[in-house]
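These notes are about the structure you will find just below.
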Amino acid sequence: MLTLGFGKIKVINAAIAESTSLPFACCLDEILGTDDGGIDAIGWDWSANEAAAGATEGFEAFVRRMGVLNGRPMLIVKDDYKLGSSRRELLRRLVRESDGGGGAVVPRDTMVVHTDPATRPFFQNVCQEDLTPGLMDWGEYGTPANAREKARRNPTVREHELIAWVVVMHFLSALELIAAGEVEERSGKEMEDDVRDCLLPPPVTLSATSAMSPSLQSLLYGSPTEDGGYRFPPLKCQTSFTPLLSSSKNKLSRVILSGTSDADDIDILLPWGPMYYHQGWVYGLSERDRNSHQNINRFGHLGFKDMRRAYFGVGASGPLTLFLPVAMHNDTTAVTGHVPVAAVDYITSVTLCGVDGVKAEKGCHVERDLNVTVGGISNVTVEAMAIDAAMVGNTKLCLFVRICGEIAILMSKQI
């Protein structure tokens, strides 16, 4: 690869464990750091957390958002062979309906990896000592005996090696075409221009009888255009989860005006008492995530860099006030005048997502426990996302808030 001028390969672990497809499918720019330049490939590992194991709604939203990223990266999917059949067929259909890059946007290259059906025949009626070197000790994880995360959903050492070999062989075939001059190299700028001009195909997982609101459909799949395709409206994300590979401007803490506790100086792995909750919302981890991180800390983190940090509150914590930045193309004269400017002209919806990890009887149910006020208006239309991609079990994690015409834009100094 160096001979062909590709430079060094940089692999970044941006994974956030035990998460659903949403809101991450809608926040790829911020989570993956694409504002610092294009990326070449993204790996998607199947989710065991969503309400339905074979769910496709969130996966399609992920693939469609990938299709409009700078550089249009390749998609590598590690999925369960049986549970992932619907996702595999969805991806096959999206690729088949694409016209090759001049119109509908799908990832430029896709690969679906299933290790179980590929290796199973080699283990039938074969002794351990008769296995090939690449299959020996197939079930070993390479971690201390009493370390956690040795679940079947996580690849073993040998399985990691097999996946890496398959991916390398795929890249090698592409490099051979480039070396032979049969594929024309294109700059990131050219591919970025393609993305701006391309349309998305109609969504596959959205039925004609779906009860999903048009605003929520636009968030997941894009909005229909006059020429028969779909396009995503502008979208910005603020998050408290880590890692966050984009610039610090996308941290949720930057838009919080008031309502947080003084517990920031406390070790995030320690529990908090009622005193801190009575001061305001506490920034930290859920009880389950805290216990999990305390366990892996005993073994040097085992390579896990992610933390599902969030703001936790109780009734006595009071309101958490945020100032959501709105892109107005430097046109602030209208806002500073005496006539209120309708927010709906610049922003049509806000999505708020929580985190699971607290026992159901103690946890927050967003549709029951949160009161949302936007621009001083409390009777806004709020819709709990009842889709597999934003649910864990029967718990809904996200609220979709539609902006009404009564809400006005304010400057931060006016709050």
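So the values come out like this:
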item	result
Some residue of region 267-278 being surrounded by fewer than 16 Cβ atoms within 10 Å (Cβ to Cβ), hydrophobic (A, V, I, L, M, F, W, C), over 30 Å from Asn146 (Cα atoms) and at pLDDT 80 or above	yes
Checking Asp116 against (1) surrounded by fewer than 14 Cβ atoms within 10 Å (Cβ to Cβ); (2) modelled with pLDDT under 80; (3) not basic (Lys, Arg), the condition it does not meet	(2)
Inter-residue pairs, beta-carbon under 8 Å, first free of Cβ contacts under 8 Å to residues at least 60 places away in the same chain and in a helix (DSSP H, G or I) and in region 17-33, second surrounded by fewer than 23 Cβ atoms within 10 Å (Cβ to Cβ) and of a type in the set (S, T, N, Q), 6+ apart	Leu28/Thr34
Criterion violated by Ile12 - all others in (1) at pLDDT 75 or above; (2) of a type outside the set (Gly, Ala, Ser); (3) surrounded by 14 or more Cβ atoms within 10 Å (Cβ to Cβ); (4) touching a Leu at 6+ places or on another chain (Cβ under 8 Å) satisfied	(3)
Filtered residue count, region 160-209, keeping only those that are surrounded by 10 or more Cβ atoms within 10 Å (Cβ to Cβ), in a loop (DSSP other than H, G, I, E, B) and at pLDDT 75 or above	6
Near pairs, Cβ below 8 angstrom, 6+ apart or cross-chain, from region 119-144 (touching a residue at least 24 places away in the same chain (Cβ under 8 Å)) to any residue that is assigned to a loop (DSSP other than H, G, I, E, B)	Thr119/Leu135; Thr119/Trp138; Thr143/Glu149; Thr143/Lys150; Thr143/Phe299; Pro144/Phe299
Selection from region 228-257 of residues that are touching a strand residue (DSSP E or B) at 6+ places or on another chain (Cβ under 6 Å), open to solvent by less than 60 Å² (accessible area, probe 1.4 Å), modelled with pLDDT of 85 or more and not in a loop (DSSP other than H, G, I, E, B)	Tyr230, Leu252, Val255, Ile256
Counted residues, region 34-45 - those being crowded, with 17+ Cβ neighbours inside 10 Å and either modelled with pLDDT under 70 or part of a strand (DSSP E or B) (or both)	5
Within region 329-375, considering residues that are modelled with pLDDT of 80 or more, in contact with an Asp or Glu (Cβ under 9 Å, 6 or more places away or on another chain) and in a loop (DSSP other than H, G, I, E, B), the one surrounded by the fewest Cβ atoms within 10 Å (Cβ to Cβ)	Gly375
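The values are calculated or read from the model by the stated rules, or taken from the named source; none is laboratory data. Predicted model only: the values in this text are computed from it and were never measured. Backbone-built Cβ (ideal geometry, glycine too); neighbour counts: all protein chains shown. The accessibility values were calculated without ligands, DNA or RNA, using every heavy atom of the protein model including side chains. Shrake-Rupley method; radii C 1.70, N 1.55, O 1.52, S 1.80 Å.
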